[in-house]
Amino acid sequence: MADLTDRSDDMIDSLHWQAGLEQDGFENTNLKRLQLLLYAVPVFGLVPAIWTLSNRKSDRKHRAASRLCVSFSVSWLLVYGLLNAGVGLASEGSGTSLSLLILNSLVTSGYFVTSAWLMLQLWRNQPLHLPGFSQIAKRLP
């Protein structure tokens, strides 16, 4: 008889997992995963990530993903702005402005590809780690 109740508990746990419900039945893990994916959306994901960091009630996994995405996005914005400022300051006839524009496009493409990779990692429920940025993210509040 005990074996039968263990099987029924396993079936209930399996059904909860398939429905995206945690053990308490009130939390939707698919919705939480979608929130994590939203943080990694290039440019636009910065706003919900900052909102999560300002909200002290969020769980540890969401705060860690938000910190990483904020540090990565802010560093891209900083490099993007500095390269555009360099293009504006470069003389019109020099090849420096073209070089800075090419470098800017490479940095931006890398940002978008890395953001897509982060979203894929989140989709697979794998831990997020970006060398350099993960250490910076741990220092954020």
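Worth a mention:
- Using θ = phi - 60° and Karplus 6.51 cos²θ - 1.76 cosθ + 1.60, couplings along region 68-84 (whole Hz; Gly, Pro as x): 5, 5, 5, 5, 5, 5, 5, 5, 5, 4, 5, 5, 4, x, 5, 5, 5
- When every Cα-Cα distance of region 28-138 is counted in 10 angstrom steps from zero, the calculated P(r) takes the values 14, 42, 25, 13, 5, 1 percent.
- Listed values for region 38-55 are Karplus-derived 3J(HN,Hα) couplings in whole Hz (6.51 cos²θ - 1.76 cosθ + 1.60, θ = phi - 60°), namely 4, 5, 8, 5, x, 6, 6, x, 5, 5, x, 5, 5, 4, 5, 5, 6, 8, and x replaces Gly and Pro.
- The amide H of Gly45, built 1.01 Å from its N in the peptide plane, has no neighbour under 5 Å, considering only residues 5 or more places off or on other chains.
- Couplings 3J(HN,Hα) for region 113-123, derived from phi with the Karplus relation 6.51 cos²θ - 1.76 cosθ + 1.60 (θ = phi - 60°), are 5, 5, 5, 5, 5, 4, 5, 5, 4, 5, 5 Hz, where x marks Gly and Pro.
Where a number appears in this text, it was derived from the coordinates with a stated rule and is not lab data. Just so you know, these numbers come straight off a predicted model, no measurement behind them.
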